[in-house]
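Report on one structure; see the data block that follows.
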């Protein structure tokens, strides 16, 4: 609770403490309920108590999630292909169309052996770009919280230096305060992490922005690509301080930086 965590799996490490306590509590409650049931004058109260307990038990069980998640999403998938639109309607900082556009852009420019590093939340970019992560960082959230172990950050930086990705993509507008406990988005967290920021600014330059995604290419890679075609828009020589934040749902805004 002090770490502001909210998902069930985040409390798994406390099961060894909570399970015995819950068992004792249930046994005491059962004995108490049995005693009340035997007293005819209190049967109604006991029935109400058991009914309320049953409701809470159902809400805490997978039944509630099956009803609110599994069934509606399955029905939506059968009716149409607008699942991405529905996700964005429910979660405003989920950018499905932009992920796909970013992935396609990267795939068109990356060779088979080129590597990609993504710093953000919407990791479907790896899927659309047909690449796999080369570090322990799948989503950035576990690595940008107050409780992130220093060893995790150190290991990720070492893996990043060893893999030498050709493209570095970071996301902004994805604060996810209900997960990280912070109002900073991935881009802000990147700027606050001096070692990661220095790695980025030393080895990469901003190539383009697609919606909420800043795409950086390794300096050596940019030099090669700039001579690939005389019709291609030249890539940026320095990172821009401007970020595109006004992106309408369903629209993908691509901005070249020169």
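Read-outs: derived from the displayed coordinates by stated rules, not from any lab. Small disclaimer: the values here were computed from a predicted structure and weren't measured. A quick note on method: Cβ atoms are made from the backbone with ideal geometry, for glycine too, and the neighbour counts reach across all protein chains shown.
Among 21-28, 193-200, the peptide with the highest mean count of other Cβ atoms within 10 Å heads the list, and the full ranking is 193-200, 21-28. Going by the alpha-carbon gyration tensor, a ≥ b ≥ c the square roots of its eigenvalues, is the range 131-182 rounded (a/c under 1.5) or, if a/c is not under 1.5, prolate (a/b greater than b/c) versus oblate? Oblate, because a/c is 1.5 or more while a/b does not exceed b/c. In terms of its C-alpha gyration tensor, the range 90-139 comes out oblate, because a/c is 1.5 or above while a/b does not outweigh b/c. What does the C-alpha gyration tensor say about the overall shape of the range 77-224? Classify as rounded when a/c is under 1.5, otherwise prolate if a/b is larger than b/c, or oblate. Oblate is the answer for the range 77-224, as a/c is 1.5 or above yet b/c matches or exceeds a/b.
For the listed peptides 143-150, 72-79, a ranking on the average number of other beta carbons within 10 Å per residue, highest first, reads 143-150, 72-79.
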